[in-house]
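Here's the structure, in structure tokens; my notes come after.
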């Protein structure tokens, strides 16, 4: 009796824990607005749990799955028809390192509105299936929920249709609402210090560096007292900050909190950035100089001769004008990047940028003896400028690649992008070694330790990128090159052949069985449960069910970081039959194979829904990845496990399941 009680309690809590794994991070409700006697708005309200994301209807191919609304076509014919597209509330756009692209998603809540015309005056209830993907930092789920609309409970419409606008990317957004929900404190801090670092680089250019000792000496020598000199130098630095910060304020006032942010996601912005950076780069490399008209410079100089506070202000303005050719390319880069964030980001960016420039004037005014420790101006200043030119040139192609991805030109694929970067940084390394000379370079009698160190760094980085041509992920620069899926010469990298590992650890080519596919890491995998089981019986091997998703973040991590380990790869390749069931596969099931869901009562129409139904009814969970090892009768011979990044733990689990099959 005692043992039975213990068993009962164990099973009870096991069932409880399994049930707790069923995730429902998005709750859907439907409301109806009456526009006229025959026209209504169907409003889909999505309540999203903390830390989860729901994705927009408009998503780039290869990213997360978009939200989709499925209407009963037979009901529409007799009862109602759709008018226009489904509008959606403002979304957040952020870069995702896993998908290597920007994703459009909602936090906390989302609203979708579809206008309809009612054809049947007796129609009271409309049911629409919401098909969607939701992810948090650790899991992704793919679900469909039925949303019910009661036309008899419709309220009078209060939303003016003119409050909806359509942007360049055909995504509908609502005016008057701040669509950017970010951790402002963290984002602005990052913007400030990034701009501060860029301002520090400006100090090392030939336009600014010589001005430091000259200006500080002027204030300390021309002032009647040391205190007065310090005050004037600090005031000079303060005005530098004011001038650049006013520039950031003007950008914020002109573009507001959202306009520049939305503009930055389009082709136009990326084209402007590409052209601007190319122009800046060639200017830094010595092809030409970007200069303001001489009349502007003369007017500012005349103001600097007035003396007093006004004169000091114009001296600061003169520094900004005279050093324009060096500061503008870098300041422009920082400012445009900050402007894409919207809000006060441009102000914060210019505050950080100008603070770095102003800082040495104040420090050297307090400690004038430090001026003696400054290196003398010389050819090294031009070297710094040239290095910045190479960096500007490299970053320019990032913006060009964004255009290529959006317009699907496919001319700047990953390996082409990497080849360009290899050429740029390789040339930079040769330049630093003195093998290449540019127009404004001074004669190089010897290479300093600092220059040699930079050359080694540039050439090392160049060599690091070379394996990327063969499909290496290059994690150090993740997010800069186009995604790995864009390799055009070969989807597996240059010169790569499909190979598998034999039991002895040697690489051998394998034939693809009937109905199988080359899955992750070129492992042979089946995408259909019955066909995979039939093959397993033929070769007498256990089956590993891999409940996965096309857009499952942790699934990709397992495949790219755990499955690739030699001992695990060998087991997956030789000792089991892999059946990967994609729960977000939207391929339609044949009409004869469609069935009614036991869980929701909805009709299961796609392969993804079929495998999700299988996973949820059998294992009481809808989170991926989920791994199960089965025998030839379809019985589980190991406990199901989810995301297991620990290689040793996953290997032990996999090995134990295989050993259980052999018993």
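The values are calculated or read from the model by the stated rules, or taken from the named source; none is laboratory data. Everything numeric here is computed off the predicted structure, so don't read it as measured data. Here the Cβ is made from the backbone with ideal geometry for all residues, glycine too, and neighbour counts use every protein chain on show.
Residues in region 275-329 that are at pLDDT below 70, within 39 Å of the chain's Cα centre (by Cα) and not in a helix (DSSP H, G or I): 290, 291, 292. What is the residue count in region 619-655 for residues that are assigned to a helix (DSSP H, G or I), free of Cβ contacts under 8 Å to residues at least 12 places away in the same chain and in contact with a strand residue (DSSP E or B) (Cβ under 6 Å, 6 or more places away or on another chain)? Residues meeting the conditions: 0. Could you go through region 241-251 and let me know if any residue there is at pLDDT below 75 and touching a helix residue (DSSP H, G or I) at 6+ places or on another chain (Cβ under 8 Å). Yes, region 241-251 contains a residue that is at pLDDT below 75 and touching a helix residue (DSSP H, G or I) at 6+ places or on another chain (Cβ under 8 Å).
If you go through region 44-79 and keep only what is surrounded by 20 or more Cβ atoms within 10 Å (Cβ to Cβ), at pLDDT 90 or above and in a strand (DSSP E or B), you end up with 44, 46, 54, 55.
Note on region 588-600: residues that are part of a loop (DSSP other than H, G, I, E, B) and modelled with pLDDT of 85 or more amount to 3. What residue, among those in region 608-618 that are free of Cβ contacts under 8 Å to residues at least 40 places away in the same chain and in contact with a strand residue (DSSP E or B) (Cβ under 8 Å, 6 or more places away or on another chain), is surrounded by the most Cβ atoms within 10 Å (Cβ to Cβ)? The extreme case among them is 610.
Answer yes or no as to whether residue 613 is in a helix (DSSP H, G or I) and within 18 Å of residue 527 (Cα to Cα). Against the criterion (in a helix (DSSP H, G or I) and within 18 Å of residue 527 (Cα to Cα)), residue 613 qualifies.
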